[in-house]
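Read the figures in this text as sums done on the coordinates, not as results from a lab. This one's a predicted model, so the numbers in the text were calculated from it and none came from an experiment. Here Cβ is always computed from backbone atoms with ideal geometry, including for glycine, and neighbour counts include all displayed protein chains.
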Amino acid sequence: MLDKLKAIKSRYLDVEQQLSDPGVVSDLKKYKSLNKEYKDLRPLIDAYHEYTNILSNVENNRNIVKNDDDPEMKEMAKMELNELESRETELLEEIKQMLIPKDPEDSKNAMLEIRAGTGGDEAGIFVGDLFKMYTRYIDKKGWKMELITQNESSSGGYKEVSINVTGADVYGELKYESGVHRVQRVPKTESQGRVHTSAVTVAVLPEAEEVDVVINPADLRWDTFRASGAGGQHVNKTESAVRVTHIPTGTVAESQESRNQLRNREIAMTALRTRIYEKEYQKHMAEIANKRKTMVSTGDRSAKIRTYNYPQGRMTDHRINLTLYSLDSIISGDIQQIIDALKVSENAEKLKAGESIA
């Protein structure tokens with residue numbers, strides 16, 4: 001463990017030196033990359049310093065207990081030794097967690113898509129419920145969101161809602177939400193009071209930057225159209241909405257939420273890059289998943305991940321067999337405890353698989 005930490009500290013000092021190099025400072029892309037690495041390594045370096053300090057104090061106190069003739073000094077050393085050894089064990093576990101390699105995508109912004117599945121009108125209504133849940137969660141995290149598109153259903157719900165979410169480590173938090181979300185409740189239209197099961201699909205995609213996906217403008221087909229649904233009367237008068245098709249792959253993205261066509265083109269291009277990038281990213285995730293028995297963040301949108309049972313006020317996450325009887329709070333945006341539990345489960349799985357820094 002100490003050898004690993006020494007190697008990491010050596011890298012930390014090397015990065016620190018590079019950040020003061022005028023040649024690096026003038027290269028914005030390289031500077032940003034190194035500065036991020038420097039900040040990411042800092043907590044581990046602080047833990048390393050604390051760990052080495054503890055090891056030194058443990059050795060000193062053991063020498064006192066073994067060799068000192070003063071009974072009072074021995075007793076004090078024993079008490080301090082117990083505290084130090086307890087913290088040593090605790091800190092070692094923290095360091096092991098820090099040493100688990102992070103997915104480089106985790107720090108990215110994300111595109112969140114919610115689509116109605118089986119269940120007719122009730123599925124569309126639940127899309128709206130999940131949209132509110134995520135909106136409240138995003139607000140609590142201090143992130144920002146921008147609507148890409150929303151297609152309303154006749155029942156007052158949505159066929160589909162897509163948003164861009166920006167902030168710190170957005171994808172690393174939201175990626176656990178990808179999959180099929182089931183809802184079990186009595187629809188408002190049900191006169192017999194029978195419980196129906198409906199499904200909604202959530203997809204969370206890491207936002208691709210221009211350097212991640214290079215697109216030839218000649219491969220794009222642009223279409224403009226009049227926006228539908230919410231947005232004000234202006235959307236019915238001007239063709240501000242845009243749709244872009246990447247001809248080689250058939251990938252399509254659109255945006256209709258801005259009055260400005262140029263802004264809609266920017267939003268649509270970001271969504272297009274993200275969707276093209278996702279295909280390669282999913283191959284990478286599938287390869288990792290095949291190495292483990294289970295994996296909670298594969299992003300497989302066909303997998304049933306969660307059930308919201310309204311009659312019992314229960315939420316069950318099927319990936320880790322977590323059941324909470326606080327459905328009202330969860331639907332109000334309190335999903336951090338679920339995400340944290342999924343993180344712990346995945347990290348434990350990584351540790352078991354030996355995915356730590358060599």
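Computed from label points 7 Å out along Cα-Cβ, the spacing between Met1 and Asp328 is 4.5 nm. For the peptides 262-271, 193-202, residues were scored by their other Cβ atoms within 10 Å and the scores averaged per peptide; the highest-first order is 262-271, 193-202. The label point for Val186 and the one for Glu209, both projected 7 Å from the Cα toward the Cβ, are 5.3 nm apart.
Listing Tyr176, Tyr51 from fewest to most neighbouring C-beta atoms within 10 Å gives Tyr51, Tyr176. Taking the C-alpha atoms only, the angle from helix 121-141 to the longest principal axis of the chain is near 40 degrees. Could you tell me whether the chain comes out rounded, prolate or oblate from its Cα gyration tensor? Rule is a ≥ b ≥ c as square roots of the eigenvalues, rounded for a/c under 1.5, then prolate if a/b exceeds b/c, otherwise oblate. Oblate, because a/c is 1.5 or more while a/b does not exceed b/c.
Over the chain, what is the relative contact order in percent, taking alpha-carbon pairs closer than 8 angstrom and at least six residues apart?
Working: 574 pairs, mean separation 54.7, N = 358.
That works out to 15 percent.
Computed extension gain for Asp68 through His49, at 0.36 nm per residue and net of the alpha carbon distance, reaches 4.1 nm. Over the chain, DSSP H runs of length four or greater, each weighted -39,500 (n - 2.57), average out per residue to a 222 nm ellipticity of -16000 deg cm²/dmol. Axis angle, to the nearest 10 degrees, between helix 71-99 and the longest C-alpha principal axis of the chain: 30 degrees. Given R0 = 25 Å, the distance between the Cβ atoms of Asn321 and Ser33 translates into a calculated FRET efficiency of 0.05. To the nearest 10 degrees, how steep is helix 336-352 against the longest Cα principal axis of the chain, on a 0 to 90 scale? With both axes taken from Cα atoms, the answer is about 60 degrees. Give me the dipole magnitude in Debye, nearest 20, for the chain about the Cα centre, with unit charges on the beta carbon: positive for Lys and Arg, negative for Asp and Glu. Dipole of the chain, to the nearest 20 debye: 1580 debye. Cα centroids of the stretch 121-161 and the stretch 48-92: 55 Å apart. Taking amide H as placed 1.01 Å from N in the peptide plane, Ser153 has its amide H under 5 Å from the amide H of Tyr158, Lys159, each at least 5 places away in sequence or on another chain. Volume per residue of the convex hull around the Cα atoms, evaluated for the stretch 1-135, comes out as 198 Å³.
Of the residues Gly23, Asn63, Thr52, the one whose Cα sits farthest towards the positive end of the charge dipole of the stretch 2-99 is Gly23 (charges of +1 on Lys and Arg Cβ, -1 on Asp and Glu Cβ, taken about the Cα centre). Taking Cα centre as origin and charging only the Cβ of basic (Lys, Arg, +1) and acidic (Asp, Glu, -1) residues, the dipole magnitude of the stretch 149-215 rounds to 740 debye.
Of the GluC sites (Glu not before Pro) in the stretch 58-144, not one is in a loop by DSSP (not H, G, I, E or B) with at most 15 other beta carbons within 10 Å.
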